[in-house]
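Enquirer: First, the structure itself, so that you have it in front of you.
Each value in this text was obtained by applying a stated rule to the coordinates, not by laboratory testing. What you see is a predicted model, and the numbers here were worked out from it, not measured in a lab. As a convention, Cβ positions derive from the backbone with ideal geometry for all residues, glycine included, and neighbour counts pool all protein chains shown.
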Amino acid sequence: MAGDDISKLSIKKAGTVAGAGKKRKYIIILIIIFVLITTGILYKQGFLTPALEVKVSKVVNIFPSQTYTILSASGYVVAQRKAAVASKITGRLVFLGVEEGSRVRKGEIVARLENEDAVAARNRASANVNMAKASLEQAMAELDDALLNFNRMVQLSEKGSVAKSEHDIAEARLKRAKASVSAQRAAIKSSEAALKETEVVLEYTNLRAPFDAVVLTKNADIGDIVTPLGAAANAKASVVDIADMESLQVEVDVSESNIDLVKKGQPCEIRLDALQDSRFRGAVHMIVPTADRTKASVMVKVAFKDKDQRILPEMSAKVAFLSREVLPEEQKAFKAIPAGAIIGEEGNQFVFSAKNGRAHKTLIKTGRRAGEMVEVISGLETGEFLVTEPIDKVKAGIKVKVSEE
């Protein structure tokens, strides 16, 4: 057995060992070269470098007026002419002819209180007027008769045909008839005044619109007690609240330190939170001549130049005070970016957009310039973030970190 094991032993040649070592060396060199090349590529692409901290700006839709806005303020749409339609007397509501949103004309009856007693009083006063007129006619007839009798007595007295006492009786009768006519005429005036009073009271039961307006709120329903003071638990002080939509203005508070930038008649642009896509032309109507000490501000009223039925009282609004009027061609918004984000290369324009933590180079086409903003015709979408600083250190593909400033 031992002889067999010894026969199997052999000695390797030195050349074979050397060849294997050389091959291993080449493999290690190739691996090192691959690693170096890969590292260089990754480094060049920015994968192994720390993220560059950058400032970004958003692609936004702007209106040209934003570039010549000198001051902005917030406030609310307020009707300058409004009223709470109420009654001067206490009564139960029996008719209501409007609801929220109804348009009413000046003098139109919007509601009515129970008026049977007022109607009865009016009818009684009207009858008294007729009775007074009839009494006047009777007194006039008596006056005519007394006058004829007196003239007859005068003639007979001149002839001595009647006694002096009969003449005096006829004269006294004539005076009584004249006094009766005067009294009946006064009675007519009195009864007509009483009739007018009852008609006024009856009219109090008709609640009319004091001006052309729109009903904002309905405060009472048929069957409710309406009273001028609303003292009772179930009584209503007013039936409806109305507002003249032609008198709508925006009331904003302007800081005392900036009030010198505002002038009466100054052009403005109004934006309503409820109508984000619309801009309304306006002008400063009034600078209220008093300040609010609690807010250190002065109220400014801005009138609408263009009427729109979508504008409603109490809508929140923002007012931009402009240095000049908005031109007709400046009514529409356009997509824009800061001019400092644009790079010019060989007649083309590029920007670096920040997406998923990296900078991407994008070819764009620009249009008009508005202040520090430039219109973007193609290449970008609203909402994208563009690198603005440091623009000279940004390269395509590198990692970027948005500054929190």
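Enquirer: Using the C-alpha gyration tensor of the stretch 112-233, what are the square roots of 5 times its eigenvalues, in whole angstrom, with the largest one first?
Expert: Values for the stretch 112-233, descending: 57, 12, 10 Å.
Enquirer: Okay, moving on. Would you calculate the separation in nanometres between label points at residue 99 and residue 130, each defined as 7 Å from the Cα along the Cα-to-beta-carbon direction?
Expert: About 4.2 nm separates the two model spin labels.
Enquirer: Label-point separation (nm) for residue 350 and residue 369, each offset 7 Å from Cα along Cα-to-Cβ?
Expert: Placing both labels 7 Å beyond Cα along the Cβ direction yields 2.1 nm.
Enquirer: Between residue 185 and residue 278, what is 0.36 nm times their sequence separation minus the Cα-Cα distance? Round to one decimal in nm.
Expert: Value of the extension gain: 26.6 nm.
Enquirer: Let me ask you something else. Amide H to amide H under 5 Å from residue 315: which residues, 5+ apart in sequence or cross-chain, H placed 1.01 Å off N in plane?
Expert: 77
Enquirer: Using unit Cβ charges (K, R positive; D, E negative) and no other charged atoms, how large, in debye to the nearest 20, is the dipole of the stretch 116-204 about its Cα centre?
Expert: So the magnitude is around 360 debye.
Enquirer: Let me ask something additional. Read through the labelled values (1) 21.0, 68; (2) 50.1, 222; (3) 48.8, 208 and report the label of the one computed as Rg and Dmax of the Cα atoms in Å from the structure.
Expert: The listed entry that was calculated here is (3).
Enquirer: Normalised by the number of residues in the chain, what is the relative contact order in percent for Cα pairs under 8 Å and 6+ residues apart?
Expert: Once normalised by length, the contact order is 26 percent.
Enquirer: When the chain is fully extended, how far beyond the present Cα-Cα distance does residue 339 get from residue 286, taking 0.36 nm per residue of separation?
Expert: So the extension gain works out to 15.3 nm.
Enquirer: Oh, and also: Would you please give the residues with an amide H less than 5 Å from that of residue 236, counting only those at least 5 places away or on a separate chain, with H modeled from the backbone geometry?
Expert: Under 5 Å from the amide H of residue 236 lie the amide H atoms of 225, 226, 227, each far enough along the sequence or on another chain.
Enquirer: Separate question: At R0 = 60 Å, how high is the FRET efficiency between residue 69 and residue 206 if r is their beta carbon distance? Nearest 0.05 is fine.
Expert: Efficiency for this residue pair is about 0.75.
Enquirer: Assuming 0.36 nm per residue, please report the length gained on full extension of the stretch residue 51 to residue 362 beyond their Cα-Cα distance.
Expert: 110.0 nm
Enquirer: Hey, another quick one. Can you give the FRET efficiency to the nearest 0.05 for residue 148 and residue 108, using r as the Cβ-Cβ distance and R₀ = 41 Å?
Expert: Taking R0 as 41 Å, the efficiency between residue 148 and residue 108 is 0.15.
Enquirer: Using a Förster distance of 51 angstrom, determine the FRET efficiency expected from the C-beta separation of residue 30 and residue 381, and round it to 0.05.
Expert: For R0 = 51 Å, the calculated efficiency reads 0.65.
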